[in-house]
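All remarks here apply to the structure that follows.
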Amino acid sequence: MVKDKEVSGQPGEFSAKDYQDPPPAPFVDAEELTKWSFYRAVIAEFIATLLFLYITVLTVIGYKSQTDTSNNGDECGGVGILGIAWAFGGMIFILVYCTAGISGGHINPAVTFGLFLARKVSLIRAVLYMVAQSLGAICGVGLVKAFQKSYFVRYGGGANEIAHGYTKGTGLAAEIIGTFVLVYTVFSATDPKRSARDSHVPVLAPLPIGFAVFMVHLATIPITGTGINPARSLGSAVIYNKDKVWDDHWIFWVGPFIGAAIAAFYHQFILRASALKALGSFRSSSNV
């Protein structure tokens, strides 16, 4: 049996890299506002979310038009739910890969919120990221409508709403659990301690994150169309702008934020035992 490499130092075994938890981000870091790298990161979040909504909403509308039998469509045509899920998951994989080194590749206010609660980003960065993501989503869906206005209006603008036969409570639960899966995966895939411990196992962080988005879409497209990203839901709601969409819209903010908060708490305080570590450090300092 191979020993745990964190406690093993025998020749021929993998040796753990030195690891120390990075300090928490300042709650408010005004100095960020003086750095070009901060604004570059905000711009990256805007563009990434714009591209994400442009490609994915086009995919949704294209699928609906191809399966619309009243418009010479084929019920078995198009990419199907599987293809839509791949579009969302694949775009997240691509965009996280492209922007992770610049902004962290959040592309989702719920992810940003979860990382803020875990003290991975400051309040200023979190707020401006969310604003950039929301504006990027609106612009991305706006481009879809500009290029395909008739299809956009006819097929619901790719907007999220509760499907017929499901209650608002069911939709809210689907959004909470789906976002928990996503944000939990983000924490796990980007955990620096895990990277140091498992350095001999190369893992491309955007890959599990993209797969998480893919799997959640397979499960919840029939219920809510799958939000798990408030910016994605806001972009379609603003551009499509119909009463039914706005009636359900709160679910696509409240659900993802609750799911992100639970994921942050679970990863930081249960899996990483941050509360116990902080208590241990406090007791040690008190005994000195």
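The values are calculated or read from the model by the stated rules, or taken from the named source; none is laboratory data. Predicted model, so just to flag it, every value in this text is computed and none were measured. When we count neighbours, we look across all protein chains shown, and the Cβ atoms used for this are built from the backbone with ideal geometry, even at glycine.
Each residue in region 106-131 was checked for being outside any helix (DSSP H, G or I) and of a type outside the set (Gly, Ala, Ser), and 6 of them qualify. For region 43-65, a tally of residues being crowded, with 21+ Cβ neighbours inside 10 Å, over 17 Å from residue 152 (Cβ atoms) and among the β-branched types (Val, Ile, Thr) returns 1. The single residue among 141, 127 that is surrounded by fewer than 24 Cβ atoms within 10 Å (Cβ to Cβ), of a type in the set (Val, Ile, Thr) and more than 15 Å from the chain's Cα centre (by Cα) turns out to be 127.
Any residue in region 120-145 that is closer than 30 Å to residue 21 by Cα and at pLDDT 95 or above sitting within a Cβ distance under 6 Å of a residue that is in a helix (DSSP H, G or I) and of a type in the set (Phe, Trp, Tyr)? List the pairs, counting only those 6 or more apart or interchain. Cβ pairs passing all conditions: 126/116; 132/46. Checked against (1) of a type in the set (A, V, I, L, M); (2) modelled with pLDDT under 95; (3) surrounded by 15 or more Cβ atoms within 10 Å (Cβ to Cβ), residue 182 passes all but condition (2). Checked against the criterion of being in contact with a Phe, Trp or Tyr (Cβ under 7 Å, 6 or more places away or on another chain) and free of Cβ contacts under 8 Å to residues at least 40 places away in the same chain, the candidates 78, 101, 73 yield just one match: 78.
When every residue of region 239-250 is checked against the conditions, at least one turns out to be under 20 Å from the mean Cα position of the chain (by Cα) and at pLDDT 95 or above.
Suppose we keep only residues that are on the phi > 0 side of the Ramachandran plot and not polar (S, T, N, Q) within region 222-271. Which one would you say is surrounded by the most Cβ atoms within 10 Å (Cβ to Cβ)? Give the steps one after another, and end with the answer.
Keep residues of region 222-271 that are on the phi > 0 side of the Ramachandran plot, which gives 225-226, 228, 241.
With not polar (S, T, N, Q) added as a condition, the list becomes 225, 228.
Numbers: 225: 23, 228: 32.
Only one residue tops the list, namely 228.
Could you list, in sequence order, the residues of region 66-79 that are surrounded by 12 or more Cβ atoms within 10 Å (Cβ to Cβ) and farther than 16 Å from residue 225 by Cα? Result: 66, 67, 68, 71, 73, 77, 78. Residues of region 132-178 that are more than 21 Å from residue 53 (Cα to Cα) and outside any helix (DSSP H, G or I): 164, 165, 166, 167.
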